[in-house]
1. Can you tell me the length gained on complete extension of the stretch GLN137 to SER211, counting 0.36 nm per residue apart and subtracting the Cα distance?
2. Loop by DSSP (not H, G, I, E, B), at most 13 other beta-carbon atoms within 10 Å: where is the longest site-free stretch of the chain for GluC sites (Glu not before Pro)?
3. For the stretch 1-153, what class follows from the C-alpha gyration tensor (a ≥ b ≥ c being the square roots of its eigenvalues): rounded when a/c is under 1.5, otherwise prolate if a/b is larger than b/c, else oblate?
4. Which chymotrypsin sites (Phe, Trp or Tyr not before Pro) in the stretch 251-296 sit in a loop by DSSP (not H, G, I, E or B) and have at most 13 other Cβ atoms within 10 Å of their own Cβ?
5. Under a plain spin-label model, where a point goes 7 Å from the Cα along Cα-to-Cβ, how far apart in nm are ASP291 and HIS273?
6. For the stretch 219-265, rounded, prolate or oblate, judged on the Cα gyration tensor with a ≥ b ≥ c (square roots of eigenvalues), a/c < 1.5 rounded, else prolate if a/b > b/c?
7. If the label point is 7 Å along Cα→Cβ of GLU299, which residues in the stretch 145-186 have backbone nitrogen under 12 Å from it?
8. Using a 7 Å offset from the Cα along the Cα-to-Cβ direction at both ALA47 and GLU128, what is the distance between the two label points in nm, to one decimal?
Amino acid sequence: MNSKDQKVIISTFEKEVCEGLTAFPKYLSSKYFYDEVGDELFQQIMALPEYYLTRAEYEIFETHKTEIVQSFDQDKEGFDLIELGAGDGKKTKVLLKELLNHKYDFAYKPIDISENAIDGLVKNLNHEMKEVLVQGQIGEYFEVLDRLKHISDRKKVIMVLGSNIGNLLHPRAIQFLKKLCNSMNSKDLVFMGFDQKKHPQKVLDAYNDKSGVTAAFNKNVLTRINKELRGNFDLDKFIHWEVYDPESGTAKSYLVSTEKQKVDIDDLSLEVHFEAWESIHTEISQKYDDDIVKWLAKESGLEIVKSFSDQNNYYKDYLLRK
Ligand code: AVJ
């Protein structure tokens, strides 16, 4: 071994930024939106008039909470409520309260990619809902699935809310659901939110709000590269662009370079060239209907037990079993 050889530890972030920005066409993963700033921007998104998803799921919980928690634990044998991508847990609190009121035997185990979000949620629950047994964990979806088996030895109800699965294209969603299925015992359940197909304009507006919060959220991945990898992206030279294909049900977010430019990312010793109007694909937000969810479930070894919807049928939560 050459004495000049040095071990350099490259983070996943560094590796994926390098891969995505040297690829053609360019892309970056939406999971990198979520740092402290990104978490705060996502909070603002959830409060936007255009972003109907959060309110629709909240309405579903408020309307059907009794039936929902009953279906979680029909014979009241006790269970672990595991939430992947828990975020601030605002909606979940409706269910937690219902579970407490009806004296269900349960522990709440939220998992999120953002340490910041998990810390906040656990603190908040210890303060607001002292009776709830909470155990938070930090981790990414796919990686967390491997841990799921060891997380608990009793019945599991695994929640993925907010249509978070929508960040995955169908093949990856099936991979994810298959892994979920493999980590389940026969009595375990999945409770998952799927945003529904609707008027294309409604979808577009949700991801292209007038106040520009979603644009700032999208650009936060560039801000992170600037901060964490010593990049020099000029945010004013990129615009946020949203498209929705009603056939596939896929909403896609892009950052589009408004001019020919060069960006340096010092920590990667990388020079990235952009042609005028070249894009970086940053996110997909998939929309569904019953047939697609049924198909996804079947492909993954799961089946739909029942579903709960808001009055507008904008959004549905499905209960799935093995
Ligand atoms: C948290 C992935 C469900 O895709 O609707 C909101 C993220 N992106 N606005 C979504 C998001 C832009 C959101 N998910």
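1. Stretched fully, the GLN137-SER211 segment lengthens by 23.3 nm.
2. Between the exposed loop sites, the longest stretch runs 132-246.
3. Note, shape of the stretch 1-153 comes out prolate.
4. Passing sites in the stretch 251-296 are TRP277.
5. Computed distance between label sites ASP291 and HIS273 equals 4.6 nm.
6. prolate
7. Label zone hits: 168-178.
8. Distance between the two pseudo-spin positions: 1.3 nm.
Values quoted throughout were computed directly from the atomic coordinates according to the rules given, and no laboratory measurement underlies them. Because the structure is a prediction, the values reported are computed rather than measured. Every residue, glycine as well, gets a Cβ built from its backbone with ideal geometry; the counts of neighbours run over all protein chains shown.
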